[in-house]
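Presented below is the structure to which this report refers.
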Amino acid sequence: MTFESEIIIEKPVQTVFEFTTRFENNIQWQTGLLESVQTSPGPIRSGATYRCLNRFLGREIETQGVVTDYEPHSKCTYSIESGPVAGRSSFEFEPVTGGTRVVFSGDADLSGFSFAKMLMVPRIRKQIASDLAALKKVLENHAV
């Protein structure tokens, strides 16, 4: 499954990038996310590792991954290394008049969910758009 969604957030690119790429902030705007932590020491960078615990379709799903591409204020790409879902996701940040364009894209191997894959794809795409709207709301309505 491949996906892509984008949104304009009325905040400077530096603010949006720094908030979005901090794992501990993800719980504030990602649906079903129970925990998100960086597991490697030091600042986020290429090679940094993380662990997430999600609730999806009534199941708790733990994934672990690595940051594969990190370009400050421009791009952050993640690869899921373990868990029932394999794949990668990427955030790209672009300054635009009045704010920042955020493009979230990626792909996921849902073979671990073969029983419900047909139902999951539209739900996941809808959730991604909803999560980006929540990110916009958090950033625009709160001092970050």
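The values are calculated or read from the model by the stated rules, or taken from the named source; none is laboratory data. Quick caveat: nothing in here was measured; it's all calculated off a predicted structure. No Cβ is skipped: glycine too gets one built from the backbone with ideal geometry, and neighbour counts run over all protein chains shown.
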Exactly one condition in (1) in contact with a strand residue (DSSP E or B) (Cβ under 9 Å, 6 or more places away or on another chain); (2) modelled with pLDDT under 95 is not met by G58; state its number.
(1)
Scan of the stretch 25-70 for residues that are part of a strand (DSSP E or B) and either among the hydroxyl-bearing types (S, T, Y) or touching a helix residue (DSSP H, G or I) at 6+ places or on another chain (Cβ under 6 Å) (or both), ordered by number
L33, S36, V37, Q38, T49, Y50, T63, T68, Y70
When you check S89 against the structure, is it more than 20 Å from E140 (Cα to Cα), buried (at least 17 other Cβ atoms within 10 Å of the Cβ) and in contact with a Cys (Cβ under 8 Å, 6 or more places away or on another chain), yes or no?
no
Out of the stretch 76-107, which residues are within 17 Å of Y50 (Cα to Cα), assigned to a strand (DSSP E or B) and not polar (S, T, N, Q)?
C76, Y78, I80, E81, A86, G87, R88, F91
Where T20 falls short, out of the listed (1) free of Cβ contacts under 8 Å to residues at least 40 places away in the same chain; (2) touching a Cys at 6+ places or on another chain (Cβ under 8 Å); (3) not basic (K, R):
(1)
Please work out which residue is farthest from E71 (Cα to Cα), limiting yourself to the stretch 26-51 and to residues that are of a type in the set (S, T, Y) and touching a residue at least 12 places away in the same chain (Cβ under 8 Å).
T31
Considering the stretch 24-43 alone, what residues qualify as being hydroxyl-bearing (S, T, Y) and either surrounded by 13 or more Cβ atoms within 10 Å (Cβ to Cβ) or in contact with a Gly (Cβ under 9 Å, 6 or more places away or on another chain) (or both)?
T31, S36, S40
